[in-house]
């Protein structure tokens with residue numbers, strides 16, 4: 001299959017990076033996590049899977065991530081949702097199978113809720129809806145909250161690389177997109193993959209999310225020794241088998 005890729009102006013001069021495989025639908029749309037991008041192992045595994053099956057695929061980087069322009073600190077859940085929507089709406093047509101990793105799960109849910117007629121399915125990999133509130137703000141000590149509100153940002157350590165800048169704008173914008181406080185009106189099939197040794201997203205989040213989704217075709221798979229990334233060969237194989245099953249193929 002031919003791989004295409006390039007940059008797309010979102011309308012204000014910021015260039016958004018994307019890559020795609022043309023094939024039969026539905027289009028598998030991979031949404032990376034916070035401070036991640038479309039070059040990671042899950043995206044690579046999905047690309048190989050889709051290429052082997054002639055499946056349409058879209059990969060993307062939000063602004064401030066990967067090869068896209070813009071500053072990471074200027075981003076927010078709403079901004080990154082709109083970045084993804086811009087690319088999806090301009091480069092795809094027909095049904096979509098969203099695959100969201102961590103923050104990408106939150107963004108994927110927001111996109112799916114805005115496009116219910118186009119959603120062929122949703123797969124969350126350690127999906128982290130509401131994380132800016134439940135995992136960031138709620139875990140901050142009073143001095144951190146004061147610094148965030150006063151200075152507009154704080155830098156927090158990350159086990160995945162350099163410290164991550166968390167802005168007041170990120171937290172405040174996140175509150176406009178919270179999902180877990182009420183029903184999530186998704187009727188399409190939903191599959192949630194979650195490691196129980198995830199140090200970042202408690203595995204109970206997947207159960208809470210499953211409870212909030214209004215559709216009946218919802219399944220949660222807990223990987224007892226799984227971490228947050230779920231990028232081991234066995235994890236990637238599970239992801240691809242889950243995609244295959246939702247596409248109506250034999251997952252074996």
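Values quoted throughout were computed directly from the atomic coordinates according to the rules given, and no laboratory measurement underlies them. Just so we're clear, the structure is a prediction, and the values are computed from it rather than from any experiment. Backbone-built Cβ (ideal geometry, glycine too); neighbour counts: all protein chains shown.
At 0.36 nm per residue, minus the direct Cα-Cα distance, what do residue 113 and residue 227 gain on full extension? Give it in nm, one decimal, please. Separation in residues times 0.36 nm, less the Cα-Cα distance, equals 38.3 nm. In this simple spin-label model, placing a label point 7 Å from the Cα along the Cα-to-Cβ direction at both residue 196 and residue 172 gives a separation of 4.2 nm.
With bins 10 Å wide beginning at 0, the percent of Cα pairs of region 56-203 falling in each bin runs 10, 39, 36, 13, 2. Rounded to 0.05, the FRET efficiency of the residue 48 and residue 156 pair, given R0 = 45 Å and the Cβ-Cβ distance, is 0.85.
According to the Cα-based calculation, Rg over Rh for the chain is 0.95, with Rh computed by the Kirkwood formula. When restricted to Cα atoms, region 1-121 yields an Rg and a Dmax of 13.0, 38 Å, respectively.
Given their separation in residues at 0.36 nm each and the Cα-Cα distance between them, residue 219 and residue 91 gain 43.1 nm when the chain is fully extended. Listed from fewest to most Cβ neighbours within 10 Å, the set 37, 130, 12 follows the order 12, 37, 130. The simple spin-label model puts a point 7 Å past each Cα toward its Cβ; for residue 147 and residue 9 those points are separated by 4.0 nm. Relative to the longest principal axis of the Cα atoms of the chain, the long axis of helix 41-53 lies at roughly 20 degrees.
So how tilted is helix 142-151 from the main axis of the chain? Cα-based, degrees 0 to 90, rounded to 10. Here the helix axis deviates by roughly 90 degrees.
Cα centroids of region 1-70 and region 208-252: 20 Å apart.
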